[in-house]
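Asks: For reference, the structure I am asking about is given below.
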Amino acid sequence: MSVDIRFLGHAAFTLSTDTHCIAIDPFLTGNPLAEKAGLTKESIDPTHIALTHGHADHVGDTLELATRCGSQIIAAFEICEWAAEQGIEAVNPGNPGGRYDTDFGWVAFTQAFHSSSFEGRYMGMPCGLVLNVGGVTIYHAGDTGLFGDMALIGELYKPDIAILPIGDRFTMGPEHASRAAEMIKPGMAIPCHYGTWDLIDVDPARFNPSGIEVVRLDVGATHVVK
């Protein structure tokens, strides 16, 4: 089964098969890259929404999408508690170290070194997410600094694709992200979380891990994995 990986700008992606669409960190409204590309919250119809952490530039349009589409939310326990308080019934909580079986495959929660809050409310531990969709394993690292156990994530889950932040300041910069990719050892690495604002405007050519194919997606573009 093929999986379409579509970049929506910043750290937002959709992973789509013939039967499912998983939106990761669906920040579209207020995302200058998405808006420039003509993408809005009406542009996607996710069956599932997976969140790495609770910051507004990652939670994004989650509530509106879940309400309109009936999407299941997969996220840290505290994020799911918050979503349930907003009237979302289909919530599937987890935390680092856990794995959740889904109707499209599974999602595993990994650690990430960052923070997580929304409008002053604690939103639990930030996470990376390993998703198995259509037989393809994709690691979205979320917002994180470099840490040595990324090698263990690669060993345990053997991701085909790693999606890594490279924008620096709040996450890894390109050089640290390159080292992360080399430790994870995916077949392919996709950079994200850069160029959205001046504070994270870096040259993506600096993301150049040794021995790993890098696919840099334009906002709105799709890469098909078979």
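Asks: Does T144 count as among the polar types (S, T, N, Q), free of Cβ contacts under 8 Å to residues at least 40 places away in the same chain and in contact with a Lys or Arg (Cβ under 7 Å, 6 or more places away or on another chain)?
Replies: Judged against the criteria, T144 is not a match.
Asks: Could you tell me whether A50 is within 23 Å of G220 (Cβ to Cβ), among the hydrophobic types (A, V, I, L, M, F, W, C), in contact with a Leu (Cβ under 6 Å, 6 or more places away or on another chain) and at pLDDT 95 or above?
Replies: So A50 fits the description; yes.
Asks: Report the residue count in the range 1-21 for those that are outside any loop (DSSP other than H, G, I, E, B), small (G, A, S) and either within 17 Å of T52 (Cα to Cα) or touching a residue at least 40 places away in the same chain (Cβ under 8 Å) (or both).
Replies: Residues that pass the stated criteria total 2.
Asks: Right, another one. Determine which single condition M188 fails, assuming it passes every other condition in (1) touching a His at 6+ places or on another chain (Cβ under 9 Å); (2) of a type in the set (A, V, I, L, M, F, W, C); (3) buried (at least 21 other Cβ atoms within 10 Å of the Cβ).
Replies: Among (1) touching a His at 6+ places or on another chain (Cβ under 9 Å); (2) of a type in the set (A, V, I, L, M, F, W, C); (3) buried (at least 21 other Cβ atoms within 10 Å of the Cβ), the lone unmet condition for M188 is (3).
Asks: Something else: If you check F109 against the conditions, is it crowded, with 17+ Cβ neighbours inside 10 Å, among the aromatic types (F, W, Y) and touching a residue at least 60 places away in the same chain (Cβ under 8 Å)?
Replies: No; evaluated as a whole, the condition is false for this residue.
Asks: On to the next question. Residues of the range 191-201 being surrounded by fewer than 19 Cβ atoms within 10 Å (Cβ to Cβ), not acidic (D, E) and not in a helix (DSSP H, G or I), which ones?
Replies: W197
Asks: Go through A221, A177 for me and flag whichever is in contact (Cβ under 8 Å) with a residue 24 or more places away in the chain, in contact with a strand residue (DSSP E or B) (Cβ under 7 Å, 6 or more places away or on another chain) and surrounded by fewer than 18 Cβ atoms within 10 Å (Cβ to Cβ).
Replies: Residue meeting the stated conditions: A221.
The values are calculated or read from the model by the stated rules, or taken from the named source; none is laboratory data. These numbers were taken from a predicted model, which means no experiment stands behind them. All Cβ positions, even for glycine, are placed from backbone atoms using ideal geometry, and neighbour counts span all protein chains on display.
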